[in-house]
Amino acid sequence: MADEIKIGAYICKGCGLGDRLDIGQLEMTATRDGKAAICQQHDFLCSDAGVKMIQDDIDNEGVNRVVIAACSRRAKTDAFAFDNVTLSRANLREGVIWVRPDEDDQQETTQEMADDYVRMACAEAKYMKVPQASGQQGVNKNILIAGGGISGMTAALEASKAGYPCTIVEKTGALGGATAQLYKKIPTKSPYADPEDNGVAELIAAVEADSNITVCLNSTLTNTAGAPGRFEADITTESGSTETKSFGAIVQASGFKPYDANQLTEFSYTKSQDVITQAELEALAIAADGGPIKRPSDGKEVENVMFIQCAGQRSKKEGHLEHCSGFCCSASIKQAMYFKDQNPDIDTTVLYTDLRTPGAGGENFYRSGQKKGIIFTKGIATEVVHSKNPIVKFKDLILDEDVEDEVDLVVLATGMVPNSGQPTRAELTQSDNDDIAADKAGEEREIRIDVESILNLDYRQGKDVPHMENGFADSHFICFPYETQRTGIYTAGPTRRPMDTTQAMDDAMGAAMKAISEAENAGLGKAAHPRVADLSFPSFRAEGCTQCKRCTVECPFGAINETEDGYPEFNESRCRRCGTCMGACPVRVISFENYSIDTVGQQLKAVDIPDEFEEKPRMLILACENDAYPALDMAAQNKIEYSAFTRVIPVRCLGSVSLSWITDSMNSGFDGIMLMGCPSGDDYQCHFVKGSGTAQERMGKVGDTLESLSLEKERVQTFEISITDIHKVPKLINDMAETIEQIGMSPFKF
Amino acid sequence: MATKEYSFYPGCSSQEGASSSNYLKSVQSMCDVLDIKLNVIPDWNCCSASIGYCGGGELPRLALSARNIALSEQHNAGQDIVATCAACWLATKETQERLDDDAGLMDETNQALAEAGLKLKNDNKIRHMVEVLIEDVGYEEMGKHVKKPLDGIKIAGYVGCQTNRPFGIEGESFENPKYLDKFIETMGAEPVENYDKKVSCCGGALAFSEPEKSQALIKDIIEAAYDGGADMIVTPCPVCQMNVEVYQDKINAKYGTKFNIPVTYYSTLMSVAYGKNGKESGLNGQIIKAKQLEEIAAK
Amino acid sequence: MSDLNTGMVEKYRNNFLKEVEANVEEGDWVKMCMQCGVCSGSCPLGPHWDHPPQELFMMIRAGKRDEVLQSTSMWMCTSCYNCIVRCPRELPITHIMHGLAHYATRLGIEPKGQPTRQFAQLFWDNLAKNGRVNELWLGVNLYFMNGFVEGIKVAMGMAGIGLGMLKSGRLSLKELIGGHTVKDKKGFKAMIKKAQELEAARVDGSN
């Protein structure tokens, strides 16, 4: 790429732009104000001829900064894709003519909008560079799989089939995990009527026969360093020997631990041998091997069994699990069939409050259970009385009466506790637990955690992937389908959310596919979801850095470590390119090649601010490119008008917004600033987890600054916008315009 | 068009001097215009409707309808069986289905039929008159014969239960069947849109045994018709017709309402629209006179 | 209690569900109920049932034999078939209700004074006599089912309706003496008898 910046600006006259705008004037703006070396108009810029015109200038005239003044940056991305140049888009269609009325008396302000967008695009072009991958890592096709249960084995087999060598690290001495302990499993095939062989032996055989899969038994991960494409994992055996291997991506299939039934004193679990968990019944069934199942206390053949669903789960009681484990209803139906299939005269009752049988065949399996004569009673067990035969006391919710039933055996459907490793420091400090709050005061003091880590990540932000609800290492489904908050690490199976064997195997397949694509992407220096294939990555100017560590703390993906001498260490392939670090940096030393303090800062400075007496206020909108900007585009597609005094700049995330942009725009005479980000909080919709929340926190402090400048704090406002808010967004803009009319123009116009 | 022939099961209530004899009258007039020939099943018997279950067990009740079907097979071979009464249609169709599904029951039914010298093959279609009109005649053809469009009459199409559930009319929904409204439109009248009680229950046979509970249901059915601006109510079911028409005085006495709304059959509307006189249309069978229809019929 | 009832109690002991499955029309379906309650919510006389269908099914599974069979609930069914078409499990609920009512009657433990039970019996007797329903006699019997004095009161109350029906030609006094009937009464009655015998043999093993 040539060192010299050469801007080529291309103005489209299609889609009504030529009729609504003075294109000659725009051309003058591009060349005079925008310093474009070349400026051309075209009737239909996204046509083959239009694109060729641009490509010719790149090839023959040395244009290396392309400015397209046409439609939204979200439109025609296939046509306007040029190699080795930067691309800036002046949004004249969705941003101007579609949101303004086609009336003579509006022409002047509409044209001003268009001129400003051309100036802004040229200013951005001037400060952008063509991103180049860092070359921090090459493609590493090896996939690390933590956990050798059915999820881990499925992930390994799937990845191996696609040509990616896998290493399974299994803590115990055998593959198979929890499923291997099952007599039979919930059916996976039509007609979903009977329990099925657990299938573990076949999976193990397939894994063992696969030369592409390495199995490390009795092993744990004692350290996992690096980043996607260059993970370095220490695999340590029980005897203490450690081997370090490198991997491109990781699948964490660490499964679950059964809930500790000793806590269920009301059900006499500790007192009575004939009150058992589902897992313990599996063992009895394996021992019976198709014959009559005998109860533990006296070996009597069971004639009457009661299953208590939701034992210690779906409850807010101390020590209980809040979540539904999802598999236990089907598991009880399956276990009742162990009895019914052996002897239809055995009484089997499933005591439930809401029977949930998820999955394709769930309902069929439930019906099959009913056909086999399993009695389903809707009721809540209150107590199991220990006696020779346990007595179950329950409230029948249909008949509204208290019932006592004496049975031979009680089976408790206890739930899943995710084996998801340690909570992150941030998670712990957010908790309202007193001890931890005290710990928080001591900031750097080591937080003691009883739980063993799974991955032992060498990340500043914590040893395991962050947990979501109820401790599961889930993704946020809306924003990260299948992703975790640690790039290149994918959770699968019950460590991610409660599920049965079928779902776990499907989940493993998905995780394997994601791991493969991330290993490839990382090797090429390309970003993962949502800025897929973005080559830019953050870098910083060490001489300006104050080592405040804010960037390392605020990075939602744990991408930034610290070097030994206290500087941030960016791991490009862990980075999602949101720019939260850039927004966090108080001394503005962090930037991306194509997104920086200047690429935005110079745009807002390029806006022509009319003097106070012209009564043409200017409002700046910094809009999240994932939700708010599309909402604005869609409002435009629906021809919903908003104020002509609006100037919109898309940002990667509100988290990337630097306070300097706010002060700069106030200083240059903007009358109002609107920040539009995604909904934050527990049900956040931020693609980068907490960008909008972080921005709101930062903006909280702007009020004081405004007051010190004698400016009204209404001039800077933050909004939460969903992508569907297409009617709300224009209204907010117009409300802001009204507010400015009331409080008057900014005094900072020069 | 060639004459269409069907094996006809009129049912108890349409017999001479019975509660829906006027229904039969208007059906005959309607069929006359549409060139439909109804061959009555000789010596048909009661189907036991849906209230015979106390004394009659499953098999005796199935035998009742089986006898009618067997007689039809014997005398009206190859013809679809058509009923005008909802309960007759339902019981006969139900019998056909259940015997089709259960070979044991079929065998026992035939043992019982043998006592009456009959045998059942069970391969004829069992249909409601409404199905014949929709599927074999069609709305267009039905409309062609209209001589006196029922202009200016607003009618609530009360479908009720048993013409609608559990079998219903092909292509119609259980919750909001549209065919009766289309009949009304085709005859030149205006249907009440979104008639709230279109498929609600009138109490059926329980109008006799639980009069107060049933009349509460009937009150809502009539009220909703008035709310929709109806001048009259039309229905395909004899029990619906009777229950909704005859208890209006009692309901008025109990609830202080002033109900006086005529309730007729779809076939009554069609006969009048087809130019038949009041008697031919069964209008003299109205306890609450359908004055608007009488005026048109007299023209 | 009838001998049949005692016999059935003996035979099925505490498994009322099995008894229902074996002896009640469509009783095989009871176990398939998933307790959603759509039937109860869809019933036009729902509030008048002591135990709506959903609850009856649960009671059957819980072995509440007497409470179910002696209940007036099933007799509240108007045969509107709302429950059948709405049941997500496609249980033939209307038929099961009829079946339970009939089974209770067969055992002789049904609520005898319940008006619908009386009317339903009258209806059957009426049709079984001549092969066709005689609406006049059905009405007369209905009004007098609770005794003569009560009957006169009811009949007086209904006189307006009867008069209207007579005037409009929809009720005929001819029915008092003779009236409609099937021609092959002998064959008809033999058929019913045979069907009853076959069913009895299946249900209680007698005959």
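Assorted remarks:
- Total residues in the range A:339-352, condition under 41 Å from the mean Cα position of the chain (by Cα) and either at pLDDT below 95 or under 18 Å from A:Ala193 (Cβ atoms) (or both): 1
- Of the residues in the range B:28-49, at least one is under 29 Å from C:Val203 (Cβ atoms) and among the small types (Gly, Ala, Ser).
- Test: residue in the range C:81-95 that is modelled with pLDDT of 95 or more, crowded, with 24+ Cβ neighbours inside 10 Å, within 8 Å of chain B (Cβ to nearest Cβ) and in a loop (DSSP other than H, G, I, E, B): yes
- Residue, nearest to the other protein chains (Cβ to nearest Cβ), within the range C:57-72, restricted to residues that are small (Gly, Ala, Ser) and under 21 Å from A:Lys378 (Cα atoms): C:Ala62
Yes or no, residue by residue, for (1) in a loop (DSSP other than H, G, I, E, B); (2) within 25 Å of B:Met129 (Cβ to Cβ); (3) more than 13 Å from chain C (Cβ to nearest Cβ):
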{"site": "B:Ser200", "(1), (2), (3)": "yes, yes, no"}
{"site": "B:Ala207", "(1), (2), (3)": "no, yes, no"}
{"site": "B:Glu212", "(1), (2), (3)": "no, no, no"}
{"site": "B:Gln215", "(1), (2), (3)": "no, no, no"}
{"site": "B:Asp220", "(1), (2), (3)": "no, no, no"}
{"site": "B:Glu223", "(1), (2), (3)": "no, no, yes"}
{"site": "B:Ile251", "(1), (2), (3)": "no, no, no"}
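- Some residue of the range A:418-432 being among the charged types (D, E, K, R), surrounded by fewer than 18 Cβ atoms within 10 Å (Cβ to Cβ) and without any contact (Cβ under 8 Å) to a residue 12 or more places away in the chain: yes
- Considering only residues in the range A:141-166 that are surrounded by fewer than 21 Cβ atoms within 10 Å (Cβ to Cβ) and closer than 23 Å to A:Asn223 by Cβ, the one that is farthest from the chain's Cα centre (by Cα) turns out to be A:Pro165.
- Any hit, the range B:135-149, residues being buried (at least 23 other Cβ atoms within 10 Å of the Cβ), at pLDDT 95 or above and either on the phi < 0 side of the Ramachandran plot or not assigned by TED's automatic domain parsing to the domain that holds B:Ile81 (or both): no
- Per the listing B:Glu135, B:Glu170, the residue uniquely farther than 27 Å from B:Ile221 by Cα and acidic (Asp, Glu) is B:Glu135.
- Odd one out for C:Asp28, checked against (1) in a helix (DSSP H, G or I); (2) surrounded by 19 or more Cβ atoms within 10 Å (Cβ to Cβ): (2)
- When residues in the range A:488-509 are screened for being within 22 Å of A:Asn142 (Cβ to Cβ) and among the polar types (S, T, N, Q), 2 of them pass.
- Looking at the range A:1-89, none of the strands (runs of 3 or more DSSP E) lying wholly inside it contains 1 or more residues that are surrounded by fewer than 21 Cβ atoms within 10 Å (Cβ to Cβ) and modelled with pLDDT under 95.
- Odd one out for C:Lys112, checked against (1) facing chain B (nearest Cβ under 9 Å); (2) free of Cβ contacts under 8 Å to residues at least 60 places away in the same chain: (1)
- Leading residue by the ranking (farthest from A:Glu569 (Cα to Cα)) among those in the range A:201-252 that are in contact with a helix residue (DSSP H, G or I) (Cβ under 7 Å, 6 or more places away or on another chain) and among the polar types (S, T, N, Q): A:Asn212
- Residue identified as modelled with pLDDT of 95 or more, part of a helix (DSSP H, G or I) and closer than 23 Å to B:Cys12 by Cβ among B:Val272, B:Val244, B:Val234: B:Val244
- Filtered by the rule that a residue be under 20 Å from A:Asn571 (Cβ atoms) and among the acidic types (Asp, Glu), the range A:479-507 gives a lone residue, A:Glu483.
- Exactly one residue out of B:Ile221, B:Ile153, B:Ile169, B:Ile233 is among the β-branched types (Val, Ile, Thr), surrounded by fewer than 24 Cβ atoms within 10 Å (Cβ to Cβ), within 28 Å of B:Ile296 (Cα to Cα) and touching a strand residue (DSSP E or B) at 6+ places or on another chain (Cβ under 9 Å): that is B:Ile153.
- Residues of the range B:94-133 that are more than 15 Å from B:Ile69 (Cα to Cα), surrounded by 18 or more Cβ atoms within 10 Å (Cβ to Cβ) and of a type in the set (A, V, I, L, M): B:Leu105, B:Met129, B:Val130, B:Val132, B:Leu133.
- Condition met for A:Arg65 (under 36 Å from the mean Cα position of the chain (by Cα) and of a type in the set (D, E, K, R)): yes
- Residues of the range C:34-49 that turn out to be part of a loop (DSSP other than H, G, I, E, B) and either within 14 Å of chain B (Cβ to nearest Cβ) or among the β-branched types (Val, Ile, Thr) (or both), as a count: 4
- Qualifying residue in the range A:390-403 (condition: within 21 Å of A:Ile286 (Cα to Cα) and touching a residue at least 40 places away in the same chain (Cβ under 8 Å)): no
- Pairs, first outside the structural domain of A:Arg100 (by TED's automatic domain parsing) and under 18 Å from A:Ile5 (Cα atoms) in the range A:17-37, second of a type outside the set (Phe, Trp, Tyr) and buried (at least 21 other Cβ atoms within 10 Å of the Cβ), C-beta under 8 Å, six or more apart: none
- Against the criterion of being in contact with an Asp or Glu (Cβ under 6 Å, 6 or more places away or on another chain), assigned by TED's automatic domain parsing to the domain that holds B:Asn164 and small (Gly, Ala, Ser), B:Gly282 does not qualify.
- Residue check for A:Lys189: assigned to a loop (DSSP other than H, G, I, E, B) and under 24 Å from A:Asp500 (Cβ atoms): yes
- Matching residues, the range A:300-313, being in a loop (DSSP other than H, G, I, E, B), crowded, with 18+ Cβ neighbours inside 10 Å and either in contact with a strand residue (DSSP E or B) (Cβ under 6 Å, 6 or more places away or on another chain) or not small (Gly, Ala, Ser) (or both): A:Val302, A:Gln309, A:Cys310, A:Ala311
- Looking at the range B:1-119, the helices (runs of 4 or more DSSP H) lying wholly inside it that each contain 1 or more residues that are facing chain C (nearest Cβ under 9 Å) and under 19 Å from the mean Cα position of the chain (by Cα) sit at B:21-34, B:86-101.
- Residue check, A:Ala336 modelled with pLDDT of 95 or more, closer than 24 Å to A:Lys189 by Cβ, in contact with an Asp or Glu (Cβ under 8 Å, 6 or more places away or on another chain) and in the same structural domain as A:Val411 (by TED's automatic domain parsing): no
- In the range A:482-495, residue nearest to A:Pro679 (Cα to Cα) [restricted to those that are of a type outside the set (S, T, N, Q) and in contact (Cβ under 8 Å) with a residue 40 or more places away in the chain]: A:Glu483
The values are calculated or read from the model by the stated rules, or taken from the named source; none is laboratory data. As the structure is a computational prediction, the values presented were derived from the model and not from experiment. Counting neighbours? That spans all protein chains shown, and the Cβs are built from the backbone with ideal geometry, glycine included.
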